[in-house]
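Engineer: Below is the structure I would like to discuss, written out as structure tokens.
The values are calculated or read from the model by the stated rules, or taken from the named source; none is laboratory data. All figures in this text were calculated on a predicted structure; none of them were measured in a lab. FYI the Cβ positions are ideal-geometry reconstructions off the backbone, even for glycines, and counts take in every protein chain you see.
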Amino acid sequence: MHKIIVVGCGLFGSAATRHLAEQTDGVACIGPKEPENRRGHNGVFGSHYDEGRMTRIVDPITEWAVSAKNSIERYSDIENRSGIKFFSPSGYLGIGEPSSDYNARCAATGATIGVKTSKLTATDIHSRFPFLSVSDNADGLLETKTAGHISPRAMVKAQSKLAEKAGAELISDEVAKINKGGSSIEIELVSGESLKGEKVLVTTGGFTSACGLSPVNLNLRVFGRTVVLAKIEGSLTKELSEMPTIIHAISGAYILPPIEYPDGNKYLKIGIGTDADATFEKLEDLKAWFKGKGSTENRLEFTEFIKQLIPSLNHCNDWHSDTCIVTQTQSGLPIIEYVDEEKIAVAVGGNGKGAKGADEWGKIAANLINP
């Protein structure tokens, strides 16, 4: 009998498991390993199967800024104790226009929690980042040192390593069903085995509803997101070596600088999310999305946009697309609460920006289920 079982070992789940294991005994975390052959995989997927996620403190919403700040302040400790590096402090640049107050709202929120930022004019942007082509009336918001990008794969590995070191049992399997009965909860695994726990924390993101893992309707919307990656090599490598992570306020584009991927190549990534993106409710549709290449329309649109913002990418001949999902909640914040008589709790809903503050959201979930 386990005291607490965490279902899902992604960014929220691995963080929650670490915090729990460092607080108490009897913790287990269940989640499958990343499939070697994605196209031929028949199980569930994780959106953390990637090398690049933006991280920064500034955000127009206070809760997101605070959770990111608290998490980022712990990055170095997690890296040092695990021996796994996942944070690259490349900085963050918000590109705005007079018609958008996004940068102003981010700066105002940042100021309330003591985050140092710099406001840039279009001239400043041209001078500091000459590879960018922005309009003469653009404005910029810069955050350095505490901003950049993380490898979600490496972060999960670091959290899981520390969790296991603290005594957590890591079980590589998928959960088929959660059954409540008497004083314990039974977890049925896809492998046919089962285990019992006093409490369960579900952290399965966009697969939560599709797999029927919450006893109540969480009213989640699961969006399919297409991202485009440009292979960076030759002279582009040096030209973009000082590139920060970027949010383009008007378009909603999020852009990551060249990052090395498992194939040994460096790729620049862009994504643009809208409410027009496809939504998924069925498990088979989610699996098919992860196995595919995303929206052809998005691929063409994003490629054209990034070539206009960074003209030198017109010399890049190697482009491809990939897929992930975004789990959106009605509040715009993660749902971290009990859903069944203080026996089953959930921590889901990254809303497209859960990675940067994942350690804090995991800590909040851990403190909920193990007060």
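Engineer: Would the range 275-284 turn up any residue that is buried (at least 16 other Cβ atoms within 10 Å of the Cβ) and either in contact with an Asp or Glu (Cβ under 6 Å, 6 or more places away or on another chain) or in a helix (DSSP H, G or I) (or both)?
Structural biologist: no
Engineer: Please pick out the residue among Lys287, Lys196 that is part of a helix (DSSP H, G or I) and in contact (Cβ under 8 Å) with a residue 60 or more places away in the chain.
Structural biologist: Numbers: Lys196 fails: part of a helix (DSSP H, G or I).
The conditions single out Lys287.
Engineer: If a residue has to be within 17 Å of the chain's Cα centre (by Cα), in a loop (DSSP other than H, G, I, E, B) and at negative phi to count, how many in the range 336-369 make the cut?
Structural biologist: Final tally of qualifying residues: 6.
Engineer: Under 7 Å between Cβ atoms, at least 6 apart or on separate chains: pull out the pairs that start in the range 305-330 with a residue that is in contact (Cβ under 8 Å) with a residue 12 or more places away in the chain and end on any residue that is part of a strand (DSSP E or B) and aromatic (Phe, Trp, Tyr).
Structural biologist: Hits for this filter: Ile325/Phe223; Val326/Phe223; Gln328/Phe223.
Engineer: If you don't mind, there's one more thing I want to ask. Within the range 185-213, track down each residue that is within 21 Å of Met1 (Cα to Cα) and among the polar types (S, T, N, Q). Can you show your working first?
Structural biologist: From the range 185-213, those within 21 Å of Met1 (Cα to Cα) are 185-203, 213; that's our starting set.
The answer is Ser191, Ser194, Thr203.
Engineer: Something else now. Which of the strands (runs of 3 or more DSSP E) contained wholly in the range 1-72 include at least 1 residues that are in contact with a Phe, Trp or Tyr (Cβ under 7 Å, 6 or more places away or on another chain)?
Structural biologist: Numbers: elements: 2-7, 27-30, 53-55.
Qualifying strands (runs of 3 or more DSSP E): 53-55.
Engineer: Output the number of residues of the range 160-193 satisfying the condition of being among the hydroxyl-bearing types (Ser, Thr, Tyr) and either free of Cβ contacts under 8 Å to residues at least 60 places away in the same chain or not assigned by TED's automatic domain parsing to the domain that holds Asp359 (or both).
Structural biologist: Let us first name the residues in the range 160-193 that are among the hydroxyl-bearing types (Ser, Thr, Tyr), namely 160, 172, 183-184, 191.
Okay, now just the ones that are also either free of Cβ contacts under 8 Å to residues at least 60 places away in the same chain or not assigned by TED's automatic domain parsing to the domain that holds Asp359 (or both), so 183, 191.
Matching residues across the range 160-193 total 2.
Engineer: Turning to a different aspect of this structure: Give the residues of the range 253-274 that are charged (D, E, K, R) and either in a strand (DSSP E or B) or within 25 Å of Pro311 (Cα to Cα) (or both), sorted by residue number. Write out each step before concluding.
Structural biologist: Applying the first criterion (charged (D, E, K, R)) to the range 253-274 yields 260, 263, 266, 269.
Across the range 253-274, the qualifying residues are Glu260, Lys266, Lys269.
Engineer: Now for a different question. Step by step: first the residues of the range 107-118, then only those that are surrounded by 14 or more Cβ atoms within 10 Å (Cβ to Cβ) and in contact with a strand residue (DSSP E or B) (Cβ under 6 Å, 6 or more places away or on another chain), then the one that is farthest from Glu73 (Cα to Cα). Which residue is that?
Structural biologist: Here the residue is Ala107.
Engineer: Considering the range 290-317 alone, what residues qualify as being within 20 Å of Leu132 (Cα to Cα) and assigned to a loop (DSSP other than H, G, I, E, B)?
Structural biologist: Ile310, Cys316, Asn317
Engineer: List pairs: first in the range 56-71 and surrounded by fewer than 21 Cβ atoms within 10 Å (Cβ to Cβ), second among the hydroxyl-bearing types (Ser, Thr, Tyr), Cβ under 8 Å, 6+ apart or cross-chain?
Structural biologist: So the pair list comes out as Pro60/Tyr102; Pro60/Thr109; Ile61/Thr109; Thr62/Thr109; Thr62/Thr112.
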